[in-house]
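Student: To start, I am sharing the structure in question, which I have written as structure tokens.
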Amino acid sequence: MPEGENNSGKGGGYPVPPGVKGWSWGAFFLNWIWAIGNRTWIGLLVFIPYVGIIMTFVLGFKGREWAWQNKPWRDMNHFNRVQRLWSIWGGIFVFVTFGSVLAAIVIPLLIKTPEVILL
């Protein structure tokens, strides 16, 4: 590949440039939504029982590479900016989900026993 050539979206037969490889929190946390948004259809394997758990980690590990290979990007800055947004939204999703679960556990306890004060 000539220096500076954008080979994004051309498939797995093309090498990914430096800066693409790395962990993808967006693919890990938002797996199937991320897979559709990045045209990485193998990510839909998360819907298969048992395979889905493994696939979540595979997406986290290989997601950025697959996103580069499966979808055309304007340039590396565009790619990194979009993948960073996926990671931010994935973090928000996890924070809201766990916060909601925690609230669903704690609020009924406080209503039943109001003398309990959380520090």
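Student: No solvent, one uniform scatterer per C-alpha: report log10 I(q)/I(0) for the chain via the Debye equation at q = 0.15 1/Å, two decimals.
Tutor: -0.69
Student: A follow-up question, please. Please list 3J(HN,Hα) in residue order for region 32-39, calculated via the Karplus relation 6.51 cos²θ - 1.76 cosθ + 1.60 where θ = phi - 60°; whole Hz, with x for glycine and proline.
Tutor: So the J values, rounded to whole Hz, are 6, 5, 4, 4, 5, x, 10, 6.
Student: I've got another one for you. What whole-number value in Å² describes the accessible area per residue of region 1-117 for a 1.4 Å probe?
Tutor: That works out to 65 Å² per residue.
Student: Still on this model: Using only Cα atoms, tell me the angle between helix 51-70 and the longest principal axis of the chain; keep it within 0 to 90° and round to the nearest 10.
Tutor: Compared with the principal axis, the helix lies near 40 degrees.
Student: Per residue of region 13-28, what does 6.51 cos²θ - 1.76 cosθ + 1.60 with θ = phi - 60° give for ³J(HN,Hα)? Whole Hz please, x for Gly and Pro, Karplus curve as stated.
Tutor: Whole-Hz 3J(HN,Hα) from phi for region 13-28: x, 10, x, 8, x, x, x, 8, 5, x, 5, 10, 5, x, 5, 5.
Student: Would you please give the FRET efficiency between Asn6 and Ile107, computed as 1/(1 + (r/R0)^6) with r the Cβ-Cβ distance and R0 = 41 Å, to the nearest 0.05?
Tutor: That pair, Asn6 with Ile107, gives E of 0.20.
Student: Amide H neighbours of Lys71 under 5 Å, at least 5 residues apart or on other chains, H built in the peptide plane: list them.
Tutor: Gly9
Student: Using a 1.4 angstrom probe on heavy atoms only, work out the carbon and sulfur share of the accessible area of the chain in %.
Tutor: That share works out to 72 percent.
Student: Same structure again: State, as an integer percentage, the relative contact order of the chain based on alpha-carbon contacts under 8 Å between residues 6 or more apart.
Tutor: Over the chain, the number comes to 34 percent.
Student: Quick one: putting +1 on the C-beta of Lys and Arg, -1 on the C-beta of Asp and Glu, what dipole do you get for the chain around its Cα centre, in Debye to the nearest 20?
Tutor: Here the chain has a charge dipole of around 160 debye.
Student: Right, something else. Highest mean first, what order results for 101-108, 38-45 on Cβ atoms within 10 Å?
Tutor: The peptides rank, most packed first, as 38-45, 101-108.
The values are calculated or read from the model by the stated rules, or taken from the named source; none is laboratory data. Please read these numbers as outputs of a predicted model, since none were measured by experiment. Every residue, glycine as well, gets a Cβ built from its backbone with ideal geometry; the counts of neighbours run over all protein chains shown. For the accessible areas, the whole protein counts, side chains as well, though only heavy atoms, and no ligand, DNA or RNA atoms are used. Shrake-Rupley method; radii C 1.70, N 1.55, O 1.52, S 1.80 Å.
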